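The values are calculated or read from the model by the stated rules, or taken from the named source; none is laboratory data. Being a predicted model, the structure only gives us computed values, none of them experimental. Don't worry about glycine lacking a Cβ; one is built from the backbone with ideal geometry, like all the others, and counts go over all protein chains shown.
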């Protein structure tokens, strides 16, 4: 590694020591090697369980239950998936933020996961006729939602 990168890392470490950031601590594993760090992330106490997310307007989507509950991996309880479908690192971790959750939801909306549906009927239509009945139901839900927004 270059001397310039070492200087930059030493400056960043000094800044972290001078002005610690809440939620994590960082230090060197070996004082003689600026490129080997140990970082401990300290999640808020109430983050053992993932948040719940629910659409309050009707939505027709394979990964949204008919009652509006969103079904994405990062909102599933941490640990091993008893069905073996998801890896532990794909499930809830306290490092997730509103931003990472929303990015996942936007991704889910654009690219449904038909292998793990929360709405089996929507998943079946999406697989068999994405541009037909599925698209019509999605459009109806969007129109209904828009109408509610302006009421």
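Entry remark, the range 132-143: residues being loosely packed, with under 13 Cβ neighbours inside 10 Å and either in contact (Cβ under 8 Å) with a residue 12 or more places away in the chain or within 26 Å of the chain's Cα centre (by Cα) (or both) number 2 in total.
Quick grid of which residues meet (1) loosely packed, with under 12 Cβ neighbours inside 10 Å; (2) at pLDDT 95 or above; (3) in contact with a helix residue (DSSP H, G or I) (Cβ under 8 Å, 6 or more places away or on another chain):
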site: 59; (1), (2), (3): no, yes, yes
site: 68; (1), (2), (3): no, yes, no
site: 74; (1), (2), (3): no, no, yes
site: 78; (1), (2), (3): no, no, yes
site: 87; (1), (2), (3): yes, no, no
site: 91; (1), (2), (3): no, no, yes
site: 102; (1), (2), (3): yes, no, no
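Does the range 41-56 contain at least one residue that is modelled with pLDDT of 85 or more and farther than 30 Å from residue 146 by Cα? Checked against the condition, which is being modelled with pLDDT of 85 or more and farther than 30 Å from residue 146 by Cα, the range 41-56 yields no hits at all.
Annotation: residue 18 fulfils all but one of (1) surrounded by 10 or more Cβ atoms within 10 Å (Cβ to Cβ); (2) at pLDDT 90 or above; the unmet one is (1).
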